[in-house]
Amino acid sequence: MRTIEQIRSKGLPLKGNDIDTDRIIPARFLKSVTFEGLGEHAFEDDIEDISKQGKTHPFREPKYKGAGILVSNRNFGCGSSREHAPQALLRFGIKAIIAESYSEIFFGNCVSIGIPCFTANHEIIEEILEWIEKNPSAEFSVCTKELKATLGEKSFALKLADGPRGQFLDGSWHARSVLLLNKEKIETLAKSLPY
């Protein structure tokens with residue numbers, strides 16, 4: 001089983017509250033049988049709307065290319081419960097998220113595919129966003145074990161509930177791996193059932 005103790009990457013600042021799953025991956029891309037290719041359509045409508053204003057969305061900003069730690073504000077991933085939203089972020093290259101808060105279903109969907117969703121208060125989030133904007137090519141780290149983000153010489157305390165944190169540290173976030181590890185027990189139990 002793959003544990004997730006620390007993630008090191010460039011940051012991607014995505015300012016705003018209530019960024020919902022419809023914005024993360026528009027409904028017209030939910031027709032696919034697999035999640036492959038969803039990453040290229042993450043925030044597609046937002047990207048188009050912003051480009052009409054002569055601006056560049058962070059997901060298309062060249063200076064953030066290759067960023068794997070997404071930082072946003074309050075109630076990230078609200079809206080419908082579509083698992084396509086975290087799948088699109090994962091396939092875009094996002095390995096961890098830091099925000100003020102999340103939709104509960106979005107949070108759970110992220111855990112199930114190995115994306116830690118850390119929280120921090122508004123002041124810390126604003127400081128991290130500002131640091132990323134000033135240092136777009138610099139990498140920083142987030143740690144599930146020590147619950148902190150380290151940006152240059154400065155560290156910030158992060159929060160992650162004990163249950164998901166334990167899953168990332170012992171690898172049990174990956175349900176299929178847990179099943180495979182217990183394959184013999186499952187087969188023995190199945191043979192003992194009367195049906």
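Would you mention how many residues in segment 41-59 are loosely packed, with under 14 Cβ neighbours inside 10 Å and not polar (S, T, N, Q)?
5
Need a quick list: helices (runs of 4 or more DSSP H) entirely within segment 112-184 having at least 2 residues that are among the charged types (D, E, K, R). Even if it seems obvious, please write down each step before you answer.
Values: elements: 122-134, 162-170, 175-181.
In segment 112-184, the matching helices (runs of 4 or more DSSP H) lie at 122-134, 162-170.
How many residues are among the aromatic types (Phe, Trp, Tyr), in a helix (DSSP H, G or I) and closer than 24 Å to Thr3 by Cβ when one looks only at segment 58-111?
Number satisfying all stated conditions: 3.
What are the residues in segment 18-40 that are under 16 Å from the mean Cα position of the chain (by Cα), outside any strand (DSSP E or B) and not hydrophobic (A, V, I, L, M, F, W, C), if any?
Within segment 18-40, Asp18, Thr21, Asp22, Arg23, Gly39, Glu40 qualify.
Which one of these is of a type in the set (S, T, N, Q), in contact with a Pro (Cβ under 9 Å, 6 or more places away or on another chain) and surrounded by fewer than 22 Cβ atoms within 10 Å (Cβ to Cβ): Ser137, Ser112, Ser141?
Ser112
Restricting the first residue to segment 60-89 and requiring it to be touching a residue at least 40 places away in the same chain (Cβ under 8 Å) and polar (S, T, N, Q), which pairs with a second residue that is crowded, with 24+ Cβ neighbours inside 10 Å and not in a loop (DSSP other than H, G, I, E, B) meet a Cβ separation below 6 Å and a spacing of at least six or different chains?
As it stands, the answer is Ser80/Thr21, since those pairs meet every condition given.
Every number in this text was worked out from the coordinates using simple rules, so none of it is lab data. Bear in mind that the values here come from a model prediction, so they are computed numbers and not experimental data. Here Cβ is always computed from backbone atoms with ideal geometry, including for glycine, and neighbour counts include all displayed protein chains.
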